[in-house]
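Contents: one structure, followed by commentary.
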Ligand code: EPZ
């Protein structure tokens, strides 16, 4: 298992290229189960989640080839008889649920493990199943698996609104199912995220007839098949990675140029960052991001697109820990997505939970610490905080980060950050972070620690009982 060791305080400078979008690539790869013929996907990031989905797709009869060097992934279905998505893979990645719609649409049956919850909160799929049943699928849930059958899906009207807005992967599942259903499917309260639009554009390139992409109302004319003949398709840039890098330089100060960034799907994030004092300027196919002055506090809510995405909430919280004043962040999509707050507090942040909100009182400094990642975006938040923290930080369980960020530490190193990936073992923990009284530069810190780690005799002297016995 790896960890990051970060020495904070370095302003970022330079330029890096943002990778292709994880959350666009995964549903498009899953949709390949409904496509006849080969496709070449470009700008597919090298991520653990991509590899996990490829393992699952291989077990579902999809052949793939990819050279480690480039970002191109060639995919083609070679066996349409396989329909089991097993627990041991689905539990690793919720997005595996995206195979359900394509399997039903193209093979008429599917047995997919329920994805289960995760550290950011409940992850129900009731809306997915409601939509598929509306299209005529017979669905039973037994022993943690979804058993679904549909000789022929038939177009229907589906309302996809849930208590927290629409569903991104639910919309993906139902777009693919509707694309191969007989007749017309209309989806009301569909997700409008750019990643959903990217999947719709991909399907339309292969013969689907989906209208209204990017709006809450989709109209899908079913077609007999989706066909490819070596089609090329480029995955959109990862807007969440772009936002994460923007917040990193906002945290450390400095200025960077980002390549492969489309600012249009980031309007809400860009407006919020400008409000807190970050300069963001599009310059041709690059975006220049800098922060010189103080960070200003703000209030914000995460919302379905085009609102501020929940996937930048943790990173924004890290940034606001050093704003000059009180900020409030409310997550309206995943109200429990705050496991990163406690770790930020360990670095000196002042954060108080109030239900779906976190109240952040800005501090003038964060200190490096031994912290633990709990999920993908929480990992990124801890990296951002460590980049500004005084001294060294050890960020453990960064396997969470590897699921969704392609070589983040290399990109940050390229921008001047002092961040290293090392094996997670005691000798690699920076001496300044070890509780025992080892030699550390900061003698005062050691003395302070020893007061707590080694109880001073008089505090626990047993010679005289201070308790007056009756
Ligand atoms: C997608 O997850 C993303 N993952 C998530 O990104 C992202 O946080 C989320 O959308 C919201 O934008 C991928 O695209 C692979 P939802 P998804 O279904 O589709 C409730 C990351 O960090 N809901 O849109 O699983 C649900 O509880 C990941 O990259 C229902 O009530 O999210 C949540 O509150 C994390 N019933 C809200 O809707 C359902 O059937 C949004 O969930 C489905 C969802």
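Here, each number is a calculation from the coordinates, and none is a lab measurement. It should be emphasised that the depicted structure is a prediction, and the values quoted were computed from it without experimental measurement. As a convention, Cβ positions derive from the backbone with ideal geometry for all residues, glycine included, and neighbour counts pool all protein chains shown.
Couple of notes before you dig in:
- Order of 232, 311, 299, 2 - criterion: other Cβ atoms within 10 Å of each residue's Cβ, fewest first: 232, 299, 2, 311
- Of all beta bridges that DSSP places with both ends in the chain, some 70 percent have antiparallel geometry.
- Backbone N within the stretch 13-29 under 20 Å of label point (7 Å from residue 123 Cα along the Cβ vector): 21-29
- Counting neighbouring beta carbons within 10 Å and listing from fewest to most, the residues 343, 392 come out as 392, 343.
- If R0 is taken as 41 Å, the Cβ-Cβ distance between residue 149 and residue 229 corresponds to a FRET efficiency of 0.85.
- Of all DSSP beta bridges confined to the stretch 22-234, the antiparallel ones make up roughly 70%.
- Based on C-alpha pairs under 8 angstrom that are at least 6 apart in sequence, the chain has a relative contact order of 19 percent.
- Each of the peptides 132-143, 393-404 was scored by the mean count of other Cβ atoms within 10 Å over its residues; in descending order, highest first, they stand as 393-404, 132-143.
- In degrees, nearest ten, helix 22-31 long axis to first principal axis of the chain (Cα): 30 degrees
- Largest to smallest principal axis extent of the C-alpha atoms in the chain, angstrom: 85, 66, 40
- Kirkwood-type radius of the stretch 22-234, with distances r between different C-alpha atoms, in Å: 16.7 Å
- Relative to the current alpha-carbon distance between residue 109 and residue 286, full extension at 0.36 nm per residue lengthens the span by 59.2 nm.
- Two-decimal Rg/Rh across the stretch 11-55, once Rg and the Kirkwood Rh are taken from alpha-carbon atoms: 1.12
- Length-normalised contact order for the stretch 294-409 - Cα pairs under 8 Å, 6+ apart - percent: 24 percent
- Protection proxy ranking of 407-419, 177-189, by the mean of other Cβ atoms within 10 Å over each peptide's residues and highest first, is 177-189, 407-419.
- Estimated purely from DSSP H runs of n ≥ 4, each contributing -39500 (n - 2.57), the mean residue ellipticity at 222 nm for the chain is -8500 deg cm²/dmol once divided by its residues.
- Measuring nothing but how far apart in sequence close Cα pairs (under 8 Å, 6+ apart) lie, relative to its length, the stretch 22-234 scores a relative contact order of 21 percent.
- Highest average packing first - 76-86, 313-323, 422-432, Cβ atoms within 10 Å: 313-323, 76-86, 422-432
- The stretch 91-213 pair-distance distribution - Cα-Cα, 10 Å bins, rounded %: 14, 48, 33, 5
- Computed over Cα pairs, the Kirkwood radius of the stretch 228-280 leads via Stokes-Einstein (0.692 mPa s, 37 °C) to a diffusion coefficient of 263 µm² per second.
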